[in-house]
Amino acid sequence: MDLGYTQGISDKVVQGLQEVASLRSVSFRLIKSITPSALIRFLRHSRQLKALDIGGCRQLECRGVFEVIG
């Protein structure tokens, strides 16, 4: 699912995506409104996810992503 460059994506939208069990790929490219805590919660609930694009999301730290994926 490509949400990159989309304005108005909030933590609530990210939380809603957690419910999509079959989600295997998502792009949040250049979305500056997502918080690190929302991304970490999303990753913990998205076990089928194989690809994540957070390029240009300067507010997100890779350290949090690595925490989740090990």
Does the stretch 28-39 contain any residue that is touching a Pro at 6+ places or on another chain (Cβ under 9 Å), more than 14 Å from GLY4 (Cβ to Cβ) and either part of a helix (DSSP H, G or I) or not acidic (Asp, Glu) (or both)? no
Starting from the stretch 9-23, take each residue that is open to solvent by 60 Å² or more (accessible area, probe 1.4 Å) and list its partners that are not in a helix (DSSP H, G or I), counting only C-beta distances under 7 angstrom and pairs at least six apart or across chains. ALA21/GLN48; SER22/GLN48
Could you list, in sequence order, all residues of the stretch 1-27 that are part of a helix (DSSP H, G or I) and in contact with a helix residue (DSSP H, G or I) (Cβ under 7 Å, 6 or more places away or on another chain)? ASP11, VAL14, GLN15, LEU17
Give me the residue from the stretch 44-70 that is open to solvent by less than 40 Å² (accessible area, probe 1.4 Å) and modelled with pLDDT under 70 and, out of that set, farthest from GLU19 (Cα to Cα). GLY64
Residue tally, condition of a type in the set (Val, Ile, Thr) and either assigned to a strand (DSSP E or B) or within 12 Å of ASP2 (Cα to Cα) (or both), over the stretch 40-70: 1
Here's a check for you: in the stretch 24-43, which residue that is at pLDDT 90 or above and among the β-branched types (Val, Ile, Thr) is surrounded by the fewest Cβ atoms within 10 Å (Cβ to Cβ)? THR35
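The values are calculated or read from the model by the stated rules, or taken from the named source; none is laboratory data. Treat the numbers as computed from the prediction; the structure is a model and nothing was measured. Counting neighbours? That spans all protein chains shown, and the Cβs are built from the backbone with ideal geometry, glycine included. Surface accessibility is based on the protein's heavy atoms, side chains included, excluding ligands, DNA and RNA. Shrake-Rupley method; radii C 1.70, N 1.55, O 1.52, S 1.80 Å.
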